[in-house]
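The values are calculated or read from the model by the stated rules, or taken from the named source; none is laboratory data. It should be emphasised that the depicted structure is a prediction, and the values quoted were computed from it without experimental measurement. Backbone-built Cβ (ideal geometry, glycine too); neighbour counts: all protein chains shown.
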Amino acid sequence: MDFNVSLRKAIKTGDVILGQNKTQDTIQQGKARLVILAKNSSGSFQQLVTHNKGLLVYIYEGTSTQLGKACGKPFLVSALAILDPGESDILSLKET
């Protein structure tokens, strides 16, 4: 699986929430199927997300600038939540 291709396909065909605040709201509502965090996202937010039992979390090895570019966006993205992967295989990250 090519992460960048899968992520862009999920954004284009599925339901993806960008941003730390909206991602946190989605987690609290129990709607997030996968949360992706940039490696330089806030330590307190990473801790909050990773300690949420039953939530699939993937730490992206790039910065929030690089994650924004991977999403095809011209801005920083430190966190995002996948609600529906659409035609993407992004949820297969849980198998790795």
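Can you find even one residue in the stretch 83-95 that is outside any loop (DSSP other than H, G, I, E, B), surrounded by 16 or more Cβ atoms within 10 Å (Cβ to Cβ) and of a type in the set (G, A, S)?
Checking the stretch 83-95: not a single residue is outside any loop (DSSP other than H, G, I, E, B), surrounded by 16 or more Cβ atoms within 10 Å (Cβ to Cβ) and of a type in the set (G, A, S).
Which numbered condition trips up I36, out of (1) surrounded by fewer than 18 Cβ atoms within 10 Å (Cβ to Cβ); (2) within 13 Å of the chain's Cα centre (by Cα)?
(1)
Output the number of residues of the stretch 5-33 satisfying the condition of being surrounded by 13 or more Cβ atoms within 10 Å (Cβ to Cβ) and touching a residue at least 60 places away in the same chain (Cβ under 8 Å). Full working, then the answer.
Initially, the stretch 5-33 is screened for residues surrounded by 13 or more Cβ atoms within 10 Å (Cβ to Cβ), giving 5-11, 13-20, 22-27, 31-33.
Going one step further and asking which of them are touching a residue at least 60 places away in the same chain (Cβ under 8 Å), we end up with 6-11, 13-19.
Residues in the stretch 5-33 being surrounded by 13 or more Cβ atoms within 10 Å (Cβ to Cβ) and touching a residue at least 60 places away in the same chain (Cβ under 8 Å): 13 in total.
Could you please find all residues in the stretch 39-70 being closer than 20 Å to S92 by Cβ, crowded, with 19+ Cβ neighbours inside 10 Å and out of contact with any strand residue (DSSP E or B) (no Cβ under 7 Å at 6 or more places or on another chain)?
Passing the criteria: only A70.
Which one of these is at pLDDT 95 or above and out of contact with any helix residue (DSSP H, G or I) (no Cβ under 6 Å at 6 or more places or on another chain): D2, D84?
Values: D2 fails: at pLDDT 95 or above.
From the options D2, D84, the qualifying one is D84.
May I ask you to list pairs of residues, at least six apart or on different chains, whose Cβ atoms are under 9 Å apart, with the first in the stretch 61-78 being touching a residue at least 24 places away in the same chain (Cβ under 8 Å) and in a loop (DSSP other than H, G, I, E, B) and the second being surrounded by 14 or more Cβ atoms within 10 Å (Cβ to Cβ) and of a type in the set (D, E, K, R)?
Filtered contacts from the stretch 61-78: G62/K39; G62/K69; T63/K39; C71/R8; G72/R8; V77/K69.
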